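**Q** Pasting in a structure now, in structure tokens, and then I'll have a few things to ask.
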Amino acid sequence: MKRKLAMSLHLFWSFLKVAPTAFGGGYAMMPAIERECVERRQWMERESLEDLLSIAAAAPGGVGINAAAAVGYRMAGSVGALAAVIGMTVPTFTLILLLAFAYRLIADLPKTVAALQGLKGGIVGLIGLAAWRMGRAAVFDVSTMIILGGTLASLLLTEIHPGWLIASGLCVGSIVIAAKDRLGMRRRLERPRVERQREEELCPEYFI
């Protein structure tokens, strides 16, 4: 019990630090969460965190809050999940109140407009990095590439709700695995570790 409480305090402090630095929220937070949990704290392997972040992205609600809950539950159960969510929520709630008040006073200033435009560009970069890292973990053979292509085409060319696409991905993935087992084909559930290490050596690291 004492170990869980101590870990819960670490989780609270870690996500308390992550929340105010990850402007853009959601997917833009994922690189910061990865750096804190994998590189600094070394709570889990990058592959395990990527699986948790994939679940957080697919679940309803805010991605950042879902990710905090998933990591907290993995490390310290329900108490850890609660501590991580509180740590993620408190600074965000406080900052948005302060920013909303300040924005009313300086919204029309040219420097404010310019700063917000620059911030949008940085957020796009963070989201792109998160998508790249999730893609490297999720797309590793022909079947996953087909699922990715079909999902992108459906989002761009149709008005299908993303929730239906997520459910369809779960069904298609299960069918593909069952078909491979039935036909005696070798199945892969993740990218081989050697390939992941080679790609990590070629990709520049991020700093937040």
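The values are calculated or read from the model by the stated rules, or taken from the named source; none is laboratory data. Note that the structure is predicted; figures quoted are calculated from it, not measured. Here Cβ is always computed from backbone atoms with ideal geometry, including for glycine, and neighbour counts include all displayed protein chains. We work out accessible area using only protein heavy atoms, side chains counted, and drop any ligands, DNA or RNA first. Shrake-Rupley method; radii C 1.70, N 1.55, O 1.52, S 1.80 Å.
**Q** What does the net charge come to around residue 34 if you take all other residues with beta carbon closer than 9 Å to its beta carbon, with K and R at +1 and D and E at -1? Provide the component values of the computation, followed by the final result.
**A** Details: positive: 35, 46, 133; negative: 36, 39, 50.
Net local charge, residue 34 excluded: 0.
**Q** Based only on Cα atoms, what mean projected area does the convex hull of region 1-92 have, in nm²? Don't jump to the answer; show the numbers that get you there.
**A** On the way: hull surface 20.1 nm².
Its average projected convex-hull area is 5.0 nm².
**Q** Probe radius 1.4 Å, ligands and nucleic acids ignored: give me the carbon and sulfur share of the accessible area of region 35-169 as a rounded percent. Could the numbers behind the result be given before it?
**A** On the way: 5930 of 8220 Å².
Carbon and sulfur: 72 percent of the exposed surface of region 35-169.
**Q** With N set to the residue count of the chain, report its C-alpha Rg divided by 2.2 N^0.38 Å to two decimal places. Display every interim value, and only then the final one.
**A** Numbers: Rg = 19.4 Å, N = 208, 2.2 N^0.38 = 16.7 Å.
After normalising by residue count via 2.2 N^0.38 Å, the value is 1.16.
**Q** Normalised by the residues of the chain, what does the relative contact order come to in percent, with Cα pairs under 8 Å and at least six apart?
**A** Working: 178 pairs, mean separation 47.7, N = 208.
So the answer I get is 23 percent.
**Q** Could you do me a favour and compute the accessible area per residue for the chain, 1.4 Å probe, result in Å²? Could the numbers behind the result be given before it?
**A** Details: 13380 Å² over 208 residues.
On a per-residue basis, the chain sits at 64 Å².
**Q** Here is a further query. Counting helices only, and only those DSSP H runs with n ≥ 4, report the 222 nm mean residue ellipticity of the chain as the sum of -39,500 (n - 2.57) divided by its residues, in deg cm²/dmol to the nearest 500. Show your work: numbers first, answer last.
**A** Numbers: 8 runs with 159 residues, N = 208.
It comes out at -26500 deg cm²/dmol, rounded to the nearest 500.
**Q** If contacts are Cα pairs under 8 angstrom and at least 6 residues apart, what is the relative contact order of region 51-172 in percent? Before the final figure, lay out each step's value.
**A** Working: 55 pairs, mean separation 15.1, N = 122.
Once normalised by length, the contact order is 12 percent.
**Q** Sticking with this one: Among 156, 122, 103, which residue has its Cα positioned farthest towards the positive end of the charge dipole of region 89-161, with +1 placed on the Cβ of Lys and Arg, -1 on the Cβ of Asp and Glu, and the dipole taken about the Cα centre?
**A** 103
**Q** Now for a different question. May I ask for the equivalent-ellipsoid semi-axes of region 40-99, computed as the square root of five times each C-alpha gyration tensor eigenvalue and listed largest first in whole Å?
**A** Numbers: eigenvalues 89, 36, 24 Å².
Those come to 21, 13, 11 Å.
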